[in-house]
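Coordinate-derived values only; no laboratory data. These numbers were taken from a predicted model, which means no experiment stands behind them. Counting neighbours? That spans all protein chains shown, and the Cβs are built from the backbone with ideal geometry, glycine included.
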Amino acid sequence: MIKKILLSIVTTTVVLASGLSKEAKDAGLVAIPSDKGALLKLIDDKRNPITAEKTELGKMLFFEPRISKSGLISCNTCHNLATGGDDGLGAAVGHKWTQNPHHLGSPTVFNAVFFDAQFWDGRSADLEAQAQGPILAAPEMAATKEHVVATVTSMPEYVERFKKAYGKDVKIDYKKIADTIGNFERTLVTPAPFDDYLNGKEDALSKAQKAGLKTFIDKGCATCHNGIALGGSMNMLGITAKYKYADVGDFKGDANGMVKVPTLRNITQTAPYFHNGAVVTLKEAIVEMGRIQLGVSISDKEATSIETFLGALDGRKPEIVYPVLPTRTAATPKQNIN
């Protein structure tokens, strides 16, 4: 009899756990595939297929500060792969210590391949297009296309790597350089315990994390934070109330007032929060989201529960070996910090 009771308890627990996984999927939450082939299909671009040669070259260019005007700023400066894929600042800081004029923070580059659009206003459709912007932006890397191309082509090792990646007749222009950076960024995917759980590993989440997932769904958080990125689409900010720090900076979204929904993956590592970095703690961000997006009051207990679940989105980062970059030559453009 005791064995039957214990078996019944175990069976009921498994059914409930499976039910929560189904509930999460029904709410629009999607796991990163555990199968490498299935994942490659999601992150690859047929116009510029991912290859080992491209991603290694793209990594070098991602860490290459000499393509900036000053020779000091690389993509990794604002999208630090050693931390959460961002810079941890409320507003990004670039050339000559210039703060972003709209008081916008740097979004994480991890899992950005899953976003519907890039930049806070969604103006770029993919990572390749996005990579072109910051390099030329005056408050960021402040370079010109001519400077970038001249810098890269001045170093024989880069030229040889482009030939190996694209063929001996490759034209190394600005778009090709940005495309190569984007190719590398497509690989920056961080599968997490949450994905293991949705992929069938029932014990991947703790009891508290499962309770937090249930609260997350019940409160309506998955309305905006859904899909494989748990975010990354465009939506209005301040649906049911005005964001209390809306006046920090002058950003109003795109032409329709839409703002990109931040991914919740690795969210514990990407404070401060919101587009203008005005919210310091994750718990405050959760409560504020409930107030301005869902029109609900999230209690301290509920916020703590949701925050516990969000910890299950801290992913396993790809191993990034810092590249040794080519030696500059006499033809390499001089650095200019002015």
Inset, instruction - Using the Karplus curve 6.51 cos²θ - 1.76 cosθ + 1.60 with θ = phi - 60°, work out ³J(HN,Hα) for each residue of segment 137-151 in order, rounded to whole Hz, and write x for Gly and Pro. - result: 5, 4, x, 10, 9, 6, 8, 10, 4, 5, 5, 4, 5, 5, 5
Inset, instruction - Using a cut-off of 9 Å between beta-carbons, work out the net charge of the residues near Tyr197 (Lys and Arg +1, Asp and Glu -1, Tyr197 not included). - result: -2
Inset, instruction - Give the angle, between 0 and 90 degrees and rounded to the nearest 10, that separates the Cα long axis of helix 2-26 from the longest principal axis of the Cα atoms of the chain. - result: 40
Inset, instruction - Project the alpha carbons of segment 43-185 onto their principal axes and report the range along each, largest first, in whole Å. - result: 43, 32, 26
Legend entry - Given the chain, longest segment not containing exposed loop trypsin sites (Lys or Arg not before Pro) (DSSP; at most 10 other Cβ within 10 Å): 172-333
Legend entry - Spacing of the two label points (7 Å from each Cα toward its C-beta) at Lys164 and Val280, in nm: 4.8
Legend entry - Entries of Lys25/Lys214; Lys54/Lys176; Lys214/Lys301; Lys46/Lys260 with Cα pairs more than 18 Å apart: Lys46/Lys260
Inset, instruction - Report the semi-axes of the equivalent ellipsoid for the chain in whole Å, largest first, where each axis is √(5λ) for an eigenvalue λ of the Cα gyration tensor. - result: 40, 25, 15
Inset, instruction - Could you work out the relative contact order of the chain, using alpha carbon pairs under 8 angstrom and six or more residues apart, expressed as a whole percent? - result: 25
Legend entry - Amide H contacts under 5 Å for Gly227, placed H, 5+ residues apart: Leu29, Val30
Legend entry - Candidate aspartates and glutamates - alpha carbon under 19 Å from Lys69, same-chain residues fewer than 8 apart omitted: Glu140, Glu146, Asp173
Legend entry - Crossing angle, helix 127-136 versus the chain [Cα axis fit, 0-90 degrees, rounded to tens]: 50
Legend entry - Reachable aspartates and glutamates, given that their alpha-carbon falls under 16 Å from the alpha-carbon of Lys252 and they are not under 8 places away in the same chain: Asp121
Legend entry - Net lengthening on full extension, Tyr322/Lys22 (0.36 nm per residue, minus Cα-Cα): 104.0 nm
Inset, instruction - Under a 10 Å cutoff between Cα atoms, tell me which one of Val93, Val30, Val324 has the largest fluctuation in the Gaussian network model of the chain. - result: Val324
Legend entry - Mean ellipticity per residue at 222 nm, deg cm²/dmol - from DSSP H runs of n ≥ 4 across the chain, formula -39500 (n - 2.57): -11000 deg cm²/dmol
